[in-house]
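The values are calculated or read from the model by the stated rules, or taken from the named source; none is laboratory data. This one's a predicted model, so the numbers in the text were calculated from it and none came from an experiment. Every residue, glycine among them, receives a Cβ derived from its backbone with ideal geometry; neighbour counts consider all protein chains shown. Keep in mind that these areas ignore ligands, DNA and RNA; they rest on the heavy atoms of the full protein, side chains included. Shrake-Rupley method; radii C 1.70, N 1.55, O 1.52, S 1.80 Å.
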Amino acid sequence: MKYSKLQNGSDIRGVAMENNAGEAVNLTEDAVVSLAKAFVKWLSEKKGRNLRIAIGRDSRLTGPQITEWAINGLTAAGADCTDFDMASTPCMFMSTVLGDEPYDGAIMITASHLPSQRNGMKFFTNEGGLEKADIAKLVELAEEAGAELVNGVVSAAKNAFIETYAAHLCELIKKSVNAADYEHPLKGLKVVVDAGNGAGGFFEKLVLKKLGADTTGSQFLDPDGSFPNHIPNPEDKKAAESIVAATLAAKADLGIIFDTDVDRAGAVLSDGTELTRNALIAMMSAILLKEHPGCTIVTDSVTSTGLADFIKAHGGVHRRFKRGYKNVINEAIRLNAEGIDAELAMETSGHGALKENYFLDDGAFLMVKLLIELGRGVDLKAMVADLKEPAESREFRLNVLSENVAAVQDKALSVLEEAVKSAEGLSLAPDNFEGIRVNADKAHGDGWFLLRKSLHDPLMPLNVESDSEGGCLVMAKWLRGVLGTVEGLDMAPLDAFVK
């Protein structure tokens with residue numbers, strides 16, 4: 001098998017166990033061992049030999065076995081390996097920068113929010129997560145080396161580093177709130193956590209309870225890789241409904257929901273208002289613009305016009321960049337290198353990275369920032385009261401029905417751009433970095449739409465938002481007429497909506 005099939009952008013992801021979906025297992029022992037060995041070889045070229053590498057996993061059922069395989073590969077390649085057991089993705093990165101003797105590298109065994117039969121590997125150094133090109137190099141090295149399976153007893157030291165990471169988060173809250181009861185700055189607050197049976201349960205025990213919060217009503221904290229209650233994904237409808245219900249039932253001041261490996265999070269206010277997508281970015285922007293007036297906020301390409309207005313009204317600069325959390329993070333890093341103070345890089349999926357936290361996308365750290373405000377007595381809802389959300393929002397995923405995917409995608413973008421230039425009430429959005437984004441006046445949809453190429457799949461996502469009821473239909477009908485002329489682009493999603 002070509003290991004390149006396991007590359008998913010800047011991660012490794014594959015099918016790790018037999019399943020009812022008919023997917024063949026491809027994240028095999030030889031693949032994991034080879035990739036672990038490749039990481040050691042790649043890292044040794046940067047840092048020399050005598051490497052110390054940490055490894056952790058989320059709650060997936062295949063996690064322990066894949067961890068064992070990876071440890072075999074790491075140790076066989078000459079690295080000293082430490083097993084963190086259950087951990088979060090941000091925790092693994094922090095192991096390369098925290099403590100008296102940080103690790104040279106780290107591996108997280110996770111497939112984020114994907115179904116339980118899948119699993120994967122994320123790789124870190126103290127410079128952050130590996131980039132897409134780095135993963136491609138690992139794949140190349142792994143394929144050159146071959147499997148060379150290692151048989152024998154797994155040899156790795158044990159370290160519950162999640163406790164060190166949690167203590168770090170606690171100290172941040174203590175110092176920032178600076179309450180009269182320094183050790184318990186969250187005393188008097190009620191906060192519920194929904195970990196979705198992933199790796200996020202530690203936050204309730206090692207952070208919230210330690211700091212004095214009442215966590216009664218928290219749910220699904222125990223790790224269970226079969227995910228019996230709901231998918232651990234803040235964007236999932238069932239998961240969102242679950243944390244809203246739990247927050248209201250507990251009469252909590254805040255509800256928190258994590259994805260499987262805790263690099264994403266969502267929140268719910270005391271009245272059931274969800275803080276996800278635009279609202280969570282607005283909340284984080286408001287906090288950071290208080291701390292760093294005039295700073296730049298980098299988001300992905302599908303954020304709403306209302307969010308852009310909100311950031312501007314709060315004195316910030318909005319940089320709407322490309323879809324993909326690594327794209328957003330790397331753009332913020334680039335801006336800072338140019339001398340532009342970009343404090344937040346955040347995608348609507350819930351991936352959020354702060355300059356003060358190594359530009360690490362860390363769901364727990366996002367929640368720490370909210371808890372600090374709560375601990376100070378701030379009304380969170382008032383902070384985003386002036387955020388205007390769209391009246392309607394739709395996403396259509398238009399499949400490319402041709403082997404020449406790029407040609408169809410390029411044709412669709414070209415046809416759309418030309419049609420907009422001659423259309424009444426439509427205009428190309430300025431400072432757009434991905435696909436074709438178009439603003440529509442009140443008579444022609446009262447909103448915007450964006451057509452772009454998918455990052456990974458042979459399709460074109462089409463996002464449509466309107467500030468008026470029925471506006472999405474107006475824009476969708478016009479788009480159906482224009483894009484329907486592009487041979488090889490599936491119009492079924494649009495047809496189902498406009499009919």
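Being assigned to a helix (DSSP H, G or I), out of contact with any Lys or Arg (no Cβ under 8 Å at 6 or more places or on another chain), over 30 Å from I257 (Cβ atoms) and open to solvent by 80 Å² or more (accessible area, probe 1.4 Å) narrows it down to one residue among E403, E418; which is it?
E418
Scan (1) open to solvent by less than 50 Å² (accessible area, probe 1.4 Å); (2) in contact with a strand residue (DSSP E or B) (Cβ under 6 Å, 6 or more places away or on another chain); (3) among the aliphatic types (A, V, I, L, M) for the single condition V25 breaks and write down its number.
Failed condition: (1).
Pairs please, first residue from segment 144-165 and modelled with pLDDT of 90 or more, second anywhere and part of a loop (DSSP other than H, G, I, E, B) and among the hydrophobic types (A, V, I, L, M, F, W, C), Cβ atoms under 7 Å, 6+ apart in sequence or on different chains.
Partner pairs satisfying both residue conditions: F161/A87; I162/A87; T164/L98.
Among the residues of segment 52-67, is any assigned to a helix (DSSP H, G or I), hydrophobic (A, V, I, L, M, F, W, C) and buried (at least 24 other Cβ atoms within 10 Å of the Cβ)? Reasoning before the result, please.
First, pick out the residues of segment 52-67 that are assigned to a helix (DSSP H, G or I): 63-67.
When the remaining residues are screened for being hydrophobic (A, V, I, L, M, F, W, C), the result is 66.
Filter again for buried (at least 24 other Cβ atoms within 10 Å of the Cβ), leaving 66.
Yes, segment 52-67 contains a residue that is assigned to a helix (DSSP H, G or I), hydrophobic (A, V, I, L, M, F, W, C) and buried (at least 24 other Cβ atoms within 10 Å of the Cβ).
For T216, state whether it is assigned to a loop (DSSP other than H, G, I, E, B) and surrounded by fewer than 23 Cβ atoms within 10 Å (Cβ to Cβ).
When the stated conditions are applied, T216 passes them.
With the requirement that a residue be of a type in the set (S, T, N, Q), closer than 22 Å to M94 by Cα and outside any helix (DSSP H, G or I), what does segment 25-51 give you?
Of everything in segment 25-51, just one residue is of a type in the set (S, T, N, Q), closer than 22 Å to M94 by Cα and outside any helix (DSSP H, G or I), namely N50.
Working only within segment 376-400, note down all residues that are surrounded by fewer than 14 Cβ atoms within 10 Å (Cβ to Cβ), part of a loop (DSSP other than H, G, I, E, B) and out of contact with any helix residue (DSSP H, G or I) (no Cβ under 8 Å at 6 or more places or on another chain).
G377, D379, A385
Does S468 satisfy being without any contact (Cβ under 8 Å) to a residue 24 or more places away in the chain and surrounded by fewer than 15 Cβ atoms within 10 Å (Cβ to Cβ)?
Spelling it out, it is not the case that S468 is without any contact (Cβ under 8 Å) to a residue 24 or more places away in the chain and surrounded by fewer than 15 Cβ atoms within 10 Å (Cβ to Cβ).
Those residues that are aromatic (F, W, Y) and under 30 Å from the mean Cα position of the chain (by Cα), I need them from segment 449-499; list them, please.
Of all residues in segment 449-499, those aromatic (F, W, Y) come to 449, 478, 497.
Answer for segment 449-499, where residues must be aromatic (F, W, Y) and under 30 Å from the mean Cα position of the chain (by Cα): F449, F497.
Rundown of residues vs (1) among the polar types (S, T, N, Q); (2) over 14 Å from the mean Cα position of the chain (by Cα); (3) more than 18 Å from D253 (Cα to Cα), yes/no style:
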| residue | (1), (2), (3) |
| --- | --- |
| L344 | no, no, yes |
| T348 | yes, no, yes |
| V368 | no, yes, no |
| G375 | no, yes, no |
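Would you check if S44 is closer than 14 Å to L141 by Cβ, in contact with an Asp or Glu (Cβ under 8 Å, 6 or more places away or on another chain) and polar (S, T, N, Q)?
No; evaluated as a whole, the condition is false for this residue.
For residues that are under 25 Å from G225 (Cα atoms) and in a strand (DSSP E or B), scanning just segment 74-98, find the one that is most open to solvent (accessible area, probe 1.4 Å). Walk me through it before giving the result.
Pass one, segment 74-98, residues under 25 Å from G225 (Cα atoms): 74, 81-95.
Right, trim to in a strand (DSSP E or B) and you get 81-86.
Working: C81: 11, T82: 16, D83: 17, F84: 5, D85: 72, M86: 47 Å².
Checked segment 74-98; the qualifying residue most open to solvent (accessible area, probe 1.4 Å) is D85.
From the list A286, A249, exactly one residue is outside any loop (DSSP other than H, G, I, E, B), free of Cβ contacts under 8 Å to residues at least 40 places away in the same chain and either more than 25 Å from A87 (Cβ to Cβ) or in contact with a helix residue (DSSP H, G or I) (Cβ under 9 Å, 6 or more places away or on another chain) (or both). Which is it?
Details: A286 fails: free of Cβ contacts under 8 Å to residues at least 40 places away in the same chain.
Result of the check over A286, A249: A249.
Check whether at least one residue in segment 219-237 is of a type in the set (A, V, I, L, M) and open to solvent by less than 10 Å² (accessible area, probe 1.4 Å), and report yes or no. Give the steps one after another, and end with the answer.
As a first pass, look at segment 219-237 and keep what is of a type in the set (A, V, I, L, M): 221, 231.
Keeping just the survivors that are open to solvent by less than 10 Å² (accessible area, probe 1.4 Å) gives none.
Checked against the condition, which is being of a type in the set (A, V, I, L, M) and open to solvent by less than 10 Å² (accessible area, probe 1.4 Å), segment 219-237 yields no hits at all.
Would you tally the residues in segment 99-116 being at pLDDT below 95 and open to solvent by 10 Å² or more (accessible area, probe 1.4 Å)?
Total satisfying the criteria: 7.
Only one of these is under 23 Å from the mean Cα position of the chain (by Cα) and either on the phi < 0 side of the Ramachandran plot or surrounded by fewer than 21 Cβ atoms within 10 Å (Cβ to Cβ) (or both): K5, K37, K47. Name it.
Numbers: K37 fails: under 23 Å from the mean Cα position of the chain (by Cα); K47 fails: under 23 Å from the mean Cα position of the chain (by Cα).
After applying the criteria, what remains is K5.
Restricting the search to segment 425-456, which residues are surrounded by fewer than 19 Cβ atoms within 10 Å (Cβ to Cβ) and under 15 Å from E395 (Cα atoms)?
S454
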